[in-house]
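Below: the structure, in structure tokens.
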Amino acid sequence: MFHNISKAMLDRMHELEVRDVLDRDDGTPKDFRLRQIPPETGRFLALMAAAAPAGQVLEVGTSGGYSGLWLGLACRARGDRLITFDILENKIFWARETFRMAEIEDAVEVVHGDALELLPQHRQVAVCFIDTEKELYQPCYDLVVPHLVPGGMLLADNAITHAEELADFLSFAQNDLRVDALVVPIGKGVLLCRKI
């Protein structure tokens with residue numbers, strides 16, 4: 001999978017990585033900043049998604065499409081499609097452009113809308129990646145976990161960098177008897193929950 005990433009995808013990944021650094025340095029407001037995961041987290045997501053059981057692959061918080069590229073790469077390997085949600089129109093525009101430029105539109109469906117309204121429509125979830133406003137982590141978790149297939153995974157970013165803000169959520173997930181959970185010290189910290 002990693003050995004077969006196209007030049008078009010690598011080029012777009014590099015462009016987004018550079019843009020992310022510039023956005024952070026120049027104080028771009030968060031609704032306009034890309035706010036993406038680091039490359040090592042992307043590789044981790046791709047490996048987890050590629051190894052997941054059959055089922056839907058979802059993402060809450062599309063941003064510029066960077067994490068979606070990694071998940072889309074796994075979905076292409078799975079013969080599957082990523083469904084990614086974002087509520088901000090400018091982020092949807094960026095993401096669609098990303099997937100077009102990276103030539104991975106066949107493996108990604110971009111949905112402009114409120115994930116809290118749309119997640120209940122999705123059953124048999126194999127993977128769900130959450131990287132959105134931190135107050136939405138618990139509501140998204142509550143909507144997704146009942147619909148994870150056995151062995152399905154919910155992953156949430158910023159589990160270390162925002163540990164204080166996410167403390168109640170992280171404690172809840174790690175004590176939820178429906179899943180095995182731990183915080184993986186990669187990138188900004190990823191909460192990994194596997195449905196029992």
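Top mean-square fluctuation among 68, 151, 79, Gaussian network model of the chain, C-alpha springs under 10 Å?
79
For the stretch 123-140, take each phi angle, set θ = phi - 60°, evaluate the Karplus expression 6.51 cos²θ - 1.76 cosθ + 1.60, and give the result in whole Hz per residue in order, putting x for glycine and proline.
10, 6, 8, 8, 9, 9, 10, 10, 8, 9, 4, 5, 5, 8, 4, 4, x, 5
From the backbone phi of the stretch 37-46, what are the Karplus-calculated ³J(HN,Hα) couplings (6.51 cos²θ - 1.76 cosθ + 1.60, θ = phi - 60°) in whole Hz, Gly and Pro given as x?
Computed from phi, the couplings for the stretch 37-46 are 6, x, x, 5, 5, x, 5, 4, 4, 4 Hz.
What dipole magnitude, in Debye to the nearest 20, does the chain give about its Cα centre under +1 on Lys/Arg Cβ and -1 on Asp/Glu Cβ?
In total the dipole reaches around 660 debye.
Provide the three semi-axes, in whole Å and in decreasing order, of the ellipsoid equivalent to the stretch 67-191 as defined by the square roots of 5 times the Cα gyration tensor eigenvalues.
They are 24, 16, 15 Å, listed largest first.
Could you list 103, 17 so that the one with the fewest beta carbons within 10 Å of its beta carbon is first and the one with the most is last? Display every interim value, and only then the final one.
Details: 103 13, 17 16.
Least crowded to most crowded, the residues run 103, 17.
Which three numbers, in whole Å and largest first, are the semi-axes of the equivalent ellipsoid of the stretch 1-139 derived from its Cα gyration tensor as √(5λ)?
Square roots of five times the eigenvalues give 21, 19, 13 Å.
How large is ³J(HN,Hα), in whole Hz, for each residue of the stretch 72-82 in order, when computed from phi with the Karplus curve 6.51 cos²θ - 1.76 cosθ + 1.60 and θ = phi - 60°, using x for Gly and Pro?
x, 4, 5, 5, 4, 5, 7, x, 10, 9, 7
Would you compute, from DSSP H runs of 4+ residues alone, the mean residue ellipticity of the chain at 222 nm, taking -39500 (n - 2.57) per run and dividing by the full residue count, rounded to the nearest 500?
Only helices count here, giving -12500 deg cm²/dmol.
Read-outs throughout are calculated quantities, based only on the coordinates presented, and are distinct from any laboratory measurement. Please read all numbers here as calculations on a predicted model, not as lab measurements. FYI the Cβ positions are ideal-geometry reconstructions off the backbone, even for glycines, and counts take in every protein chain you see.
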